[in-house]
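S.K.: The structure follows.
The values are calculated or read from the model by the stated rules, or taken from the named source; none is laboratory data. Keep in mind the model is a prediction, meaning the values are calculated, not measured. When we count neighbours, we look across all protein chains shown, and the Cβ atoms used for this are built from the backbone with ideal geometry, even at glycine.
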Amino acid sequence: MLLEDLLALLVTGLTMGAIYAMVAVSFNVAYKPTNVFNMAQGELVMLGAMFAWALMTEKHLPWALGILVVIVIVAAIGLFEERVAVATLIRRPSNHHGWIISTLAFSIIVINVCDRVWGSDAQVVPPVPGATLDTVQWGSLTFSTQQVAVILIAAASIAVVEWVYGHTLAGKAVLAVAEDRDAARLNGISPSRLTMTSFALAGAYAALTGVVAAPLLLASTTIGLGLLVKGFMVLAIGGVGSNWGALAAGLMLGCVESISSVQLTPGYRQLLLLAVVLVVLLVRPFGLFGRRGLREV
Amino acid sequence: MNHSIASAAPRSGGSLPLPTLMLVISALLVLGGIAAALSGAYLLLLMTFAAVYVLAAMGLNLLTGYAGIVSIAHGALVCVGTYATAIATVRYGWGFWPSMLLSALVGMLFSAVLGLPALRLSSWYFVLITIAFSLAVTAMLNDLRSFTGGYGGIVGVAKPSLMGLKVDGFGLFSMVVIAAALLWWVMHNVMNSRMGWALQSIREGDVRARANGVSTARLRLFAFSFSGAIAGLAGAFYASAKGVVTPEDFSFDFSIFFLFVVVLGGPGRLAGPLLGVAAFYVLPEMLGSLKEYRMIAYGVGLLIFSVFLPEGLAGAIAAFDERRAARRAGTATPRGAAPAPAVAATRSAPAAPSERVAGMGVALRDLVKQFDGVRALDGVSLDVSPGSIHVIVGPNGSGKTTLLNMISGFYPPTGGSIRIDGTEVTGRGPTSIARMRVQRTFQTPKLLGDLTLLENVRFGGYVRERASGVELALRLPRARREARELDAEALRWLTLVGLAGRADERAASLPHGQQRLVEIARALIGQPRLLLLDEPAAGLSMGELDELGDLMRAIRQMGTTLIMVEHHIELVADVADSVTVLDQGRILAQGTAEQVFNSAEVVRAYTGARK
Amino acid sequence: MSRPDALLRAEQLSVGYGIVPVVQDATLQVGRGEAVALLGANGAGKSTLLKGLSGLLKPSSGRAFFGDADILASSAEALVPMGLAHVAEGRRIFRRETVMDNLLLGMYRSRVSKGEAQARIDEVLQLFPVLREKGALTAGGLSGGQQQMLAIAQALVRRPALVMLDEPSLGLAPNLVDEVLQTLATIRSRGVAVLLVEQVVEKALEFVDHAYVLQSGRIIAHGTPAELAATDVVRRAYLGEAMPEAAT
């Protein structure tokens, strides 16, 4: 294989990996105070992409305004999901995994409503301001500025998320709730309020992911399911709850996917990725960067 | 013990029990389906598909409904079975029947392989792996298009032939119905035996299962294999009924459909899949409701049911049947009500309901347990002679429960050794220790709430049962005989604790104190040679304490060695042969009850008094 | 029988887990600035009662008030800013956070400026000088005694009106127990009321104005330490009726 081809594959792999990492981080945000893995998170990313198309492409809203509106809308949907599908179920001690089905149900509703409203065709979304989809040549390296933008935004946004958990009292309160819910309550911290906030923020982050990824992925109502699975794979490899681990795992997974596309057809690629996840879990059940005892595996 | 179909009327009732609502509805649905199938070609095809879906859903019900393992790969497994039959008959000229067996085998293998990660992973990890698997199968259908026919699919799947005659139309429909009926019977046998209870115990958390000596890994593998085989089998019929097999039929929605049918129909109930398919497939099809909104309706239904009606349709009907039976029996047992007075049964003779056993001795040497900075046990050495009753007492945090957990294998020791019956058992897991005929109870009772008292007690006999899975599935004579004998023994134990009159009630409806007594009875039917009790007297009323005393006498009669953690000093003084006092992980005093409670040191440890 | 001006009062309170009743018909009160002990053997229900009072468990019947607030109608997190502090058993600090963050989290609901927060932390560290050097350390690395002090400090930093402590001496060496009780005496002298659950009866009785004795979920006796010492009700509650007088 030529160096150019290899580098081009790596660029694609890193870009897609960055997107997968962002999806994984949005899962983590909702997961931390609740231990709930939101099965509808992939659809929230899809909503981000589709609303971006509806507002920016169709209604010609300027990008900066558009992304704000999209983030607010999807955050509200995330909050709505928490109230309707999550809050009642995590309170029940007997059926403590009922949220698997209720969040799954919510995702089914979302994807099918969107299908009805928008149809399933792929749509175009404008790139990040200042970036384009045109390719740039740099020696043997070929890339588009949008791809670079995606990777940078992923890294920067994850840094922001980590900063919030490490340097704000609210972020530390979320970690406290994850560690010992009752002790948190006895300090006046309200787990239910933090849960609502977290789900809303997870929705916001998913929206950001959708808006930023859509120019490359093409917005369509069908992208949610694939992103759900990829996001899970990244978390499984990187370790649930670890955001930097998600970035590392995402980039790695993206490259494996990209390079294997030379030889493998989509079906075999899926199986390969699944096999990689299973092997990692066999050897490190808590992921490469996860912590023992922190999460139930 | 007919759990789902038969009436829950008390055994002593003289009049014929009226059929339950569940039975009536199920019968009506089946008869209605047959009638519809006879009335025209469109309905015949619809009913054939419905029967295939019921068959497949019953397989998923075992995995997701009973064992509680949520899987979204079932549609993909049916797909695999469908394609296996299609390819075998069309490309390789096989007959239908061998292809059907191939489909079942293929389904079983795929499912077993899929299930391997589930042996070690938690529920939601596994759900996503099944989703990934489903997507992979869909993609592979296209990748292997020379084999599978790609988007065009495979045309001309053979119909089954019976004695030279091709079976189609109503014949094919009947065949599927008969297959489903046979499966119903087999599942009924399995679910009302130790295998079914063991599967349900997985749903409620492994701890109970392992404490009974159940190998959860093997059981899960069985659940996967079985549900996969059924999916494959259903796939074979599906291929034959459709005639043309294309990837379009097997989108991700197909797997969601099966999950939906099982969860909404009623998870963990035999009639669940029938109700699910009837209400959520047949009915919408017949009413011609807008197909485009079908999936949205499924999603909304799933959400509403999971929040408000987690037991599904069958669960709601079963609750109705229970209330009716309770009213007829004259005792109102709504859940969570004030405890019903314990039945004043005749205090039976102290003879133990089970045979004598050879009690095992226990020897602990320098046992240490360190948790993260806390030394729960700090060099404990102890000898318990076979057949004796030994009680461990001590203030809060002294390490009593930790000690029990270590003897029963739930915590591995940090240092020191444990010998049971002279054998070194240090580091062995709970299942392995349970198989040495060691039983234990927990601070909170861990009965299986949905099963009756009788079934719960019988489940304790898990390690004693000799009948194999196949014998249970087909109700062969040895299985039936064992069941009868164990039922009788279980009833004797329930009589000993004064609960024989409530043998057919759900364990979840029993007040706490009585649940504890039932749990001890369950431990005893396993004929343990060593029994560990964790605070058996906690929260018991005066009457229940009397029953507990009887239990202690029966245990002594049996010859079982008993090690017990207890606070209730009178009870301790009454029954204990020897007492150990723990304080902060070390032994403070050992001896008879009199010696120990007269020791000034012990009094001081408890009260800090220097008087 | 109960004084309506008491800071904390419970009347016929029953608390349990699900259908299991653990505490039944408990009536007690703590006045402003008072120190009260709750005594009883293992399993008597002391921790359960505290959880019912702080809102972690929903009582099944009875009434309880903290000042004017109806405890049964409030959530645990809502009672905290009202001045109720529950230091649960088992040293429930946040082991993965630093000592400083633990103290800051203690003030999560207090609306204080940065300066005020720092001032309060300094004030509390004066009571627990051993924690001073350890501000940046992860709480999980502290010794048992230091963790217990941090747990109490975390409550004190919000200037509560009443502190409920569940067996603070558990697992501590005797000299540390003395230190803890000394600290309690100090905060008591600053007007903070204390409700102390303890197994180490004698030391607890030295410190409090009033004590309640719990047995099998019911309050069987209460009075001043002198009144209780005159009877042997305490010893009986711990060791049961059947036991003869302990030999000295």
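S.K.: Just name the residue that is nearest to the other protein chains (Cβ to nearest Cβ) out of those in the range B:69-107 that are under 10 Å from B:ALA239 (Cβ atoms) and of a type outside the set (A, V, I, L, M, F, W, C).
M.R.: Filtering the range B:69-107 for residues that are under 10 Å from B:ALA239 (Cβ atoms) and of a type outside the set (A, V, I, L, M, F, W, C), the one nearest to the other protein chains (Cβ to nearest Cβ) comes out as B:TYR83.
S.K.: When the range C:120-135 is examined, which residues are found to be surrounded by fewer than 18 Cβ atoms within 10 Å (Cβ to Cβ) and part of a loop (DSSP other than H, G, I, E, B)?
M.R.: Scanning the range C:120-135 gives a single hit, C:GLY135.
To keep it simple, each residue is scored yes or no on (1) surrounded by fewer than 16 Cβ atoms within 10 Å (Cβ to Cβ); (2) assigned to a helix (DSSP H, G or I).
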residue	(1), (2)
B:VAL262	no, yes
B:ARG269	no, no
B:VAL277	no, yes
B:GLU285	no, yes
B:GLY299	no, yes
B:PHE305	no, yes
B:ALA316	yes, yes
B:ARG323	yes, yes
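S.K.: Is it fair to say A:LEU227 is of a type in the set (A, V, I, L, M) and either buried (at least 20 other Cβ atoms within 10 Å of the Cβ) or under 30 Å from A:VAL283 (Cβ atoms) (or both)? Spell out the reasoning first.
M.R.: Details: of a type in the set (A, V, I, L, M): yes; either buried (at least 20 other Cβ atoms within 10 Å of the Cβ) or under 30 Å from A:VAL283 (Cβ atoms) (or both): yes.
It is true that A:LEU227 is of a type in the set (A, V, I, L, M) and either buried (at least 20 other Cβ atoms within 10 Å of the Cβ) or under 30 Å from A:VAL283 (Cβ atoms) (or both).
S.K.: Mind checking whether some residue in the range B:53-69 is surrounded by fewer than 24 Cβ atoms within 10 Å (Cβ to Cβ), in the same structural domain as B:VAL155 (by TED's automatic domain parsing) and β-branched (Val, Ile, Thr)?
M.R.: Yes, some residue in the range B:53-69 is surrounded by fewer than 24 Cβ atoms within 10 Å (Cβ to Cβ), in the same structural domain as B:VAL155 (by TED's automatic domain parsing) and β-branched (Val, Ile, Thr).
S.K.: Let me ask you something else. Can you tell me which of B:ALA73, B:ALA86, B:ALA8, B:ALA51 is under 25 Å from B:ILE202 (Cβ atoms) and either among the charged types (D, E, K, R) or at pLDDT 90 or above (or both)?
M.R.: After ruling out the rest, the residue left standing is B:ALA73.
S.K.: List the residue pairs whose Cβ atoms are under 6 Å apart, where the first residue sits in the range B:137-154 and is within 12 Å of chain A (Cβ to nearest Cβ), the second is crowded, with 18+ Cβ neighbours inside 10 Å and at pLDDT below 85, and the two are 6 or more positions apart or on different chains.
M.R.: Close Cβ pairs (under 6 Å, with a partner that is crowded, with 18+ Cβ neighbours inside 10 Å and at pLDDT below 85) amount to B:LEU141/B:THR148.
S.K.: A further question on this structure: Report whether or not A:ALA214 is touching a strand residue (DSSP E or B) at 6+ places or on another chain (Cβ under 9 Å) and either away from chain B (no Cβ under 13 Å) or at pLDDT 95 or above (or both).
M.R.: So A:ALA214 passes the test.
S.K.: Working only within the range A:56-98, note down all residues that are without any contact (Cβ under 8 Å) to a residue 40 or more places away in the chain, away from chain B (no Cβ under 11 Å) and of a type in the set (S, T, N, Q).
M.R.: none
S.K.: So which residues in the range C:140-182 are β-branched (Val, Ile, Thr) and within 13 Å of chain B (Cβ to nearest Cβ), if there are any at all?
M.R.: C:VAL177
S.K.: So which residues in the range C:113-171 are among the acidic types (Asp, Glu) and in contact with an Asp or Glu (Cβ under 7 Å, 6 or more places away or on another chain)? Walk me through how you get there before you give the answer.
M.R.: At the first step, the residues of the range C:113-171 found to be among the acidic types (Asp, Glu) are C:116, C:122-123, C:133, C:166-167.
Result: C:ASP166, C:GLU167.
S.K.: Can you tell me which residues in the range B:290-307 are hydroxyl-bearing (Ser, Thr, Tyr) and facing chain A (nearest Cβ under 7 Å)?
M.R.: B:TYR298, B:SER306
S.K.: Considering each residue of the range A:99-131, count those that are under 29 Å from C:LEU57 (Cβ atoms) and either more than 8 Å from chain B (Cβ to nearest Cβ) or out of contact with any helix residue (DSSP H, G or I) (no Cβ under 9 Å at 6 or more places or on another chain) (or both), and give that number.
M.R.: Total meeting the criteria: 2.
S.K.: Residues that are touching a helix residue (DSSP H, G or I) at 6+ places or on another chain (Cβ under 6 Å) and more than 30 Å from C:GLN24 (Cα to Cα): does the range C:182-204 have at least one?
M.R.: yes
S.K.: Out of everything in the range B:424-464 that is crowded, with 18+ Cβ neighbours inside 10 Å and acidic (Asp, Glu), what residue ends up being farthest from B:ARG480 (Cα to Cα)?
M.R.: Among those that are crowded, with 18+ Cβ neighbours inside 10 Å and acidic (Asp, Glu), it is B:ASP450.
S.K.: When both residues are 6+ apart or on different chains and their Cβ atoms are under 7 Å apart, which pairs have a first residue that lies in the range A:274-291 and is without any contact (Cβ under 8 Å) to a residue 60 or more places away in the chain and farther than 25 Å from B:SER134 by Cβ, and a second that is hydrophobic (A, V, I, L, M, F, W, C) and part of a loop (DSSP other than H, G, I, E, B)?
M.R.: A:PHE286/A:VAL297; A:GLY290/A:VAL240
S.K.: When you scan the range B:449-471, how many residues do you find that are more than 16 Å from the chain's Cα centre (by Cα) and modelled with pLDDT of 85 or more?
M.R.: 0
S.K.: Quick check on the range C:162-177. Is at least one of its residues among the charged types (D, E, K, R), touching a residue at least 40 places away in the same chain (Cβ under 8 Å), touching a strand residue (DSSP E or B) at 6+ places or on another chain (Cβ under 8 Å) and farther than 15 Å from A:LYS172 by Cα?
M.R.: yes
S.K.: Please work out if B:ASP504 is of a type in the set (Asp, Glu) and more than 14 Å from every other protein chain (Cβ to nearest Cβ).
M.R.: Criteria met by B:ASP504.
S.K.: Here's something else I'd like to know. Which count do you get for residues in the range B:161-203 that are closer than 28 Å to B:ILE34 by Cα, hydroxyl-bearing (Ser, Thr, Tyr) and touching a residue at least 24 places away in the same chain (Cβ under 8 Å)?
M.R.: So the count comes out to 1.
S.K.: For the range C:63-77, what are the residues that are surrounded by 17 or more Cβ atoms within 10 Å (Cβ to Cβ) and facing chain A (nearest Cβ under 9 Å)?
M.R.: C:ALA76, C:GLU77 - these are the residues of the range C:63-77 that are surrounded by 17 or more Cβ atoms within 10 Å (Cβ to Cβ) and facing chain A (nearest Cβ under 9 Å).
S.K.: Continuing with the same structure: Quick check on my filter: what residues within the range B:533-568 are more than 12 Å from every other protein chain (Cβ to nearest Cβ), part of a strand (DSSP E or B) and of a type in the set (A, V, I, L, M)?
M.R.: Within the range B:533-568, B:LEU533, B:LEU562, B:ILE563, B:MET564 meet the criteria.
S.K.: Output the residue which, of all residues in the range A:29-42 that are within 14 Å of chain B (Cβ to nearest Cβ) and within 10 Å of the chain's Cα centre (by Cα), is farthest from A:GLY171 (Cα to Cα).
M.R.: Taking the candidates together, the pick is A:GLY42.
S.K.: Being more than 29 Å from C:PRO129 (Cα to Cα) and either of a type in the set (Lys, Arg) or within 14 Å of chain A (Cβ to nearest Cβ) (or both): is that true of C:THR48 here?
M.R.: So C:THR48 passes the test.
S.K.: Further question on the same structure: For the subset of the range A:146-188 comprising residues that are farther than 30 Å from A:THR15 by Cβ and of a type in the set (Gly, Ala, Ser), which member is modelled with the lowest pLDDT?
M.R.: A:ALA178
S.K.: Is it the case that some residue within the range C:193-204 is at the interface with chain B (Cβ under 10 Å from one of its Cβ atoms), in a helix (DSSP H, G or I) and of a type in the set (Gly, Ala, Ser)?
M.R.: yes
S.K.: Continuing with the same structure: In the range A:273-295, is there at least one residue being closer than 30 Å to C:ARG109 by Cβ, within 14 Å of chain C (Cβ to nearest Cβ), among the aliphatic types (A, V, I, L, M) and not in a helix (DSSP H, G or I)?
M.R.: Yes: the range A:273-295 contains one or more residues that are closer than 30 Å to C:ARG109 by Cβ, within 14 Å of chain C (Cβ to nearest Cβ), among the aliphatic types (A, V, I, L, M) and not in a helix (DSSP H, G or I).
S.K.: Something else: Residues of the range B:77-128 being among the small types (Gly, Ala, Ser), within 30 Å of A:PHE27 (Cα to Cα) and part of a helix (DSSP H, G or I), which ones?
M.R.: Here is the first cut: in the range B:77-128, the residues among the small types (Gly, Ala, Ser) are B:81, B:84, B:86, B:88, B:93, B:95, B:99, B:103-104, B:107, B:111-112, B:115, B:118, B:122-123.
With within 30 Å of A:PHE27 (Cα to Cα) added as a condition, the list becomes B:111-112, B:115, B:118, B:122-123.
Within the range B:77-128, B:SER111, B:ALA112, B:GLY115, B:ALA118, B:SER123 qualify.
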